[in-house]
Every structure is written in C-alpha cells, then in structure tokens.
Amino acid sequence: MTEIQSYTMNFGPQHPAAHGVLRLVLEMDGEVIRKVDPHIGLLHRATEKLAESKPFNQSIGYMDRLDYVSMMVNEHAYVLAIERLLGIEIPIRARYIRVLFDELTRITNHLLWLGSHALDIGAMSVFLYAFREREDIMDMYEAVSGARLHATYYRPGGVHADLPDRMPQHAPSRWRSKKEQGERNRNRGGSLIDFIRDFTGRLPGRIDEFENLLTDNRIWKQRTVGIGVVSPERALQLGFSGPMLRGSGIAWDLRRTQPYEVYPDLEFDIPIGREGDCYDRYLVRIEEMRQSNRIVSQCLDWLVAHPGPVILDDYKIAPPPRTVMKHDMEALIHHFKLFTEGYTVPAGETYAVVEHPKGEFGIYLVSDGANKPYRLKIRAAGFAHLAALDEMARGHMIPDLVAIIGTQDIVFGEIDR
Amino acid sequence: MVMADGTADEGQELCGMIRSQWPEAQVSRSALGEVSWALSPETLLDVARTLQADSRFHFEQLMDVTAVDYLAYGKEEWVTETATGTGFSRARVVVQDPEVHPQPDGRFEVVYHLLSVSRNERLRLKVALPTDRPPVIPSLTGIWASADWFEREVFDLFGILFEGHPDLRRILTDYGFIGHPFRKDFPLSGEIEVRYDPESGRVIYEPVSITPRTLVPRVIRNDARYEGTDPGKKEPTHD
C-alpha cells in the first residue's frame, strides 16, 4: 500500500467563499490542513500612493473604497487624522452625526458579515433577511449623502450636510401597485430621523429572528463551536483588534478606552467572548449590533433636541454655503481655491484610530506642510487578522477553513488597499 | 493619545519611564500627545524586547509597521520647463527654505506603532536607516507575531530588508514585480502595464503608455491665506 503524501491545493481567487479575491495555497494531508499560505494583493490599488499625489480632500472618496462594506468609518479615521494635524475642533452636532453613522455602518457591516458567514456555512435564508435590513441603511446613506455606498460624507471640519428634513420616497412605478407603493413609503413620510427611529425600533426584533435561525441551531453550532480557537495571549501577539480580540475575552474597545467624538457621553456595553472560537465571535458581533442600535437611538434623541451647524465655519477648510457664494466674491474665491488647491496642513505626523466594525482602523499621516499628504499609511484590521489565518486553520479541515474566513470578516478592499 | 477629557499628560509619564530606563533615549511627545521615540537599528531589538516583556511597559501589541521615504520631504516637485497639455498647467514655485522643513537624517525611516492593552497606551518607534549602506533592519517577528506580514509589506513596497524574517517575500504586488512602488522615485503610473494581445493570443507586459497627468495644480506650502503667525513670509510667487 502506498503512503498518502501531503499535497498542495489552490483555493480561490475565484471562489464564492473566498470573500473577494483571496487566493490560498493549502498544504493538505488528506483533508486536514497542514499549512495555509494566503496570497493577497489582487485588489491592491496603491491607495496610499495615490493619496500622496492629490489634495487632502480629494482622497476622502478613496477611503470609502477601502473597506467597502463600512464606508463611513474609514472616512472617519482619515478626517480625524487631518483634523488633528490642523488642530481644529468640529461642531458638536457633527460629532453626533458621525457617531450616528458610524454605528449605522457597524450594523450594515455586521449584517453583511452575518449573511455571508451563514451563507458560507450553508444557511441561505439569513443572507436574504440580513440584506433586507441592510437595504434600509443604504437608503439612509443615500438620503444623507446622495450615494448608497461610497458616501464621501465626512469632511475635515464636520460632515458634508445636515440630516435632511424629508426622507425620499419611492416614486410610482408601473411595476408596483398603489398599495405596494404605499406600503414601501409607510415609514418614509417624515424626516430621515423618523425613518432611522423606525428602523431602530424594528432592528432588535430582526436580530432576534437571526438568532432564532442560528444561535441554538445544531448545524450552526457544529460548524462554529471549537473552530478557529485563539487564546487571549495569541490574539494580542497576532495584533488582533475589534471583535476578533473581544471574542477571545479581552475587553478592549477604542470607543471606550481611547474615546473619540462623543462616545464618552453615550451608554453602551462591550460584549466579550469566552472561548475565542467562531461561535463566540458570532455572539459578540450579534450583541454589538444591539449595542450599536442603542447608541443610534441615543444619538437621535440628542440630534432632535440640538440643532446647529454641522461643519466648521472656516472657509479655508470647509466650502462656503451655496447661497453665500451667489453674492459674495470672497466666498467664491475661497470655494475655487479649496476645490483646486485645497488647504495646507502643518508639518507633523499623527496616528488617528477609530473602532472600525472589523477592529482597529488607523491612519498614520505625515505632512510636510504641503496641501497634500507626504505619506499616508492605512492600518487595516483585516490585514493582521488574515495574517493569522495559517495559525487558526492548521489542523482543521477545508469546511472549517471556510468558517474561519467567514469569522474573520475579511474584506479585500482594506487588506490590499 | 489625546483624550477628550484632557488626560493628555499620560504620554508624559511614559516619556519619563523610558528616560529612566534608557537615559539617552530620544523620546518626545508631540503637541497631540503622541509619544515617539527615535532609535537606531542597532538598539531596536533590545528595546523592543524590553518594551514587550517588561511589566512597566507591557506593549503586548504591535499594531502597525510602516516606512516613510524622506527623499522628497519638503521639496517642490513642480519645477519644470514645460507644461503638460492634458492636465493643469504647472506653476513654478520657489524652492523651500531647508530650515523651515528640515530633512530627516536618512532616507528611509521604519515606523512601528505599539499598543499596550493593559496600560492603555501607545508608543511610536521611529528607526532611521543610515544612507551609507543598503536598508537593513532587524526583524521583530520573534517578539510580536504580527510583525510577519507588516514587515513583508514594507519589504515589498519600500525594499527594506528585515534581517531574521522567516519568510521575506513580496505580498501586495504582482508575481514577478520589479521595483518598490512606494519609494518616492517610483512613478505613480508605474513602469509596466498588462494587456491582452489578440495577435499573440496571450496577456503581455509592456512599458506604460500613460502620459503622467498633473492632477494637483500646484503644491503650496506656507500659504498666504494662513499667514499671520509668520509675518516675514511672502506668498509664493506664481509665474
């Protein structure tokens, strides 16, 4: 009888469970994984180098395209870095709006993660339900910024515009009956805030539905419990952050430990796991959605009661309002200069971090005093997580590898940059 | 790290602790409260080991490794005789005063961002590499496992060699890529492009056909609009 030798297998880059363009070279011993060698970079667009060649504001749009399922949080780290170097304080209302959208983005991110993770493991229906809720958040994005995905909504000095007073409604269509259209517009009669409030009221029940499908599901547990276990010590060693670190039982959340914007004034809990396996990380993320929902409703209460400016009144950094530009020559010049040359940022360096849905998202910005960054480094959470894939998957089987890729919440936009 | 509630002097304590352990350490705290420490490549390994293991420092996590190429720091790149026909016209700007923007010693600087979860503190290590020899720096993979991919990335994009790294391969660029794209002397549009050639029936590599386009009309420093703090400075002249 011949002895079975270990063999090499290629996984991806065109594989439905590879979450984009992940290519894995697997060393297999039968069906057991002996070594994983991820080949990344298929989506490398040199965002950092591109940003070095244009004024600061023109790179905000690139940030959306990093982690393209949590767009606004990426922008947040970038504008925070610029604001820190400029030494500006933004209006309080803009801070609340940023936190509001950060948390809505966290919910969309986790919904997409939940749907695709469950789909990878074989639960099709969760994906459909998760996308139904995600659709509403996309509509909020659209209402506030005009774009459903790549918002470019945060700007140094605040946010692009205040929350609209009217939520856009579905137009009549020959494909939909009057009744159906009325049903779709049911919660869109008021302002955006009313629409979000309706959403926050609905979401906990929806999360219960997801949990009904998964949390005590025997198949789900068989596929996730005890898979990809990471001890707290290893999680620290491997540079984990966010839910991956909390899943291993370390209570670390930048929103609490190194707070930015208005997080110190808000009430929320930080869920942590115990075993450090895929199931714990699933529970952590589910609970995070509930906590984000809590933060969103607190922000809404504040925003209703406190109108005010949402962007700095400094024409060197933020554009003047349209109405002012129509009759004020000075404002027109400011507008022109801002959108062609931009603004200069004092020489210096900073490392601005936010608690991204995936972990610690940092921007290391070096300025030499010009109107464009000298060096911009994006610290993506997923990069460190994917680096640990080898360690997490060794000794598991290929179906478990798919579960581990899912639990890491991999998005190639931010890993390859 | 500057806290919203003004606990910015935390960095001060860390500076003092580092100075008491390493009296000659060039550690500084920026106006934003971020602590940076400029090191030499020779001392890096020992310092990193102590920072990770010593219970007074206890930096359990290496969050990021990156590099900065200081080749063009503070310099104007728009001094040219001709203007492109496709982009904005280029303006000539006076070359910078070197005293205003001093160039750091070496060309490359490797930057490490450390995080202590137990003490809630960050530290930035900056290691300038000497210019008289190839850029080599000891690898920190033996101290923090996360250094593995971060160092591979820096090697790929900047061509800095990490001595003792177990698997120093390219990570982000294409298989068979030549050059280190994030160096300041590497063109933004790259050097080769890939296309499908119908004649030979395969994908071929050729030199780039893109003409570099100027997207930023002019690099400005010391903008007159922000003056007031520096009355001696004049607005940059545009010809």
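Throughout, read-outs are computed from the coordinates displayed, never taken from laboratory work. Please read these numbers as outputs of a predicted model, since none were measured by experiment. Cβ atoms come from the backbone with ideal geometry, glycine included; neighbour counts cover every protein chain shown.
Within a Cβ distance under 14 Å of residue A:195, other residues only, what is the Lys/Arg minus Asp/Glu net charge?
Once all neighbours under 14 Å are counted, the net charge is -2.
Using all Cα-Cα distances in the range A:288-417, what percent lands in each 5 angstrom bin from 0 up to the longest?
Going out from 0 Å in 5 Å bins, the range A:288-417 shows 2, 8, 10, 10, 12, 13, 14, 12, 7, 5, 3, 2, 1, 0, 0 percent.
From the residues B:16, A:382, A:236, which one has its Cα farthest along the dipole of the protein assembly as shown in the positive direction, the dipole being from +1 and -1 charges on Cβ of Lys/Arg and Asp/Glu about the Cα centre?
Result: A:382.
What angle do you read, to the nearest 10 degrees and between 0 and 90, between the alpha-carbon axis of helix A:398-407 and the longest principal axis of chain A?
Long axis of A:398-407 versus the principal axis of chain A: about 20 degrees.
Please arrange A:179, A:372 by counting, for each residue, the other beta carbons lying within 10 Å of its beta carbon, fewest first. All intermediate terms of the calculation are to be shown ahead of the outcome.
Values: A:179 8, A:372 23.
By the 10 Å Cβ count, ascending: A:179, A:372.
What lysines sit close enough to residue B:184 to cross-link, taking a C-alpha to C-alpha distance under 22 Å and skipping anything fewer than 8 places away on the same chain?
Output for residue B:184: A:49, A:54, A:372, A:377, B:75, B:126.
Could you work out the relative contact order of the range A:1-121? I mean the mean sequence separation of Cα pairs under 8 Å and 6+ apart, divided by the number of residues, in percent.
Reported relative contact order: 14 percent.
Angle between the Cα long axis of helix A:71-86 and the longest principal axis of chain A, 0 to 90 degrees, nearest 10?
In chain A, helix A:71-86 runs at an angle near 60 degrees to the longest axis.
Does anyone have the angle between helix A:329-340 and the longest principal axis of chain A? Alpha-carbon axes, 0 to 90°, nearest 10?
20 degrees
Would you calculate, for the protein assembly as shown, the mean residue ellipticity at 222 nm contributed by helices, counting each DSSP H stretch of 4 or more residues as -39,500 (n - 2.57) and dividing by all residues, to the nearest 500?
-11000 deg cm²/dmol
Lys and Arg at +1, Asp and Glu at -1: add these up for the other residues within a Cβ distance under 14 Å of residue A:414 and post the number.
Details: positive: A:45, A:65, A:358, A:377, A:379, A:417; negative: A:48, A:64, A:67, A:75, A:360, A:409, A:416, B:64, B:153.
Once positives and negatives cancel, what remains is -3.
If we count every other residue with Cβ under 11 angstrom of residue B:58's Cβ, Lys/Arg +1 and Asp/Glu -1, where does the sum land? Please report the intermediate quantities before stating the final value.
On the way: positive: B:56, B:119; negative: B:54, B:60, B:121.
Value of the local net charge: -1.
Could you name the lysines in cross-link range of residue A:326, using Cα to Cα under 23 Å and dropping any fewer than eight places away on the same chain?
Within the straight-line cut-off, residue A:326 pairs with A:316, A:337.
Amide H neighbours of residue B:192 under 5 Å, at least 5 residues apart or on other chains, H built in the peptide plane: list them.
B:208
With an 8 Å Cα cut-off and a minimum separation of 6 or more residues, compute the relative contact order for the range A:57-208 in percent.
Relative contact order here is 23 percent.
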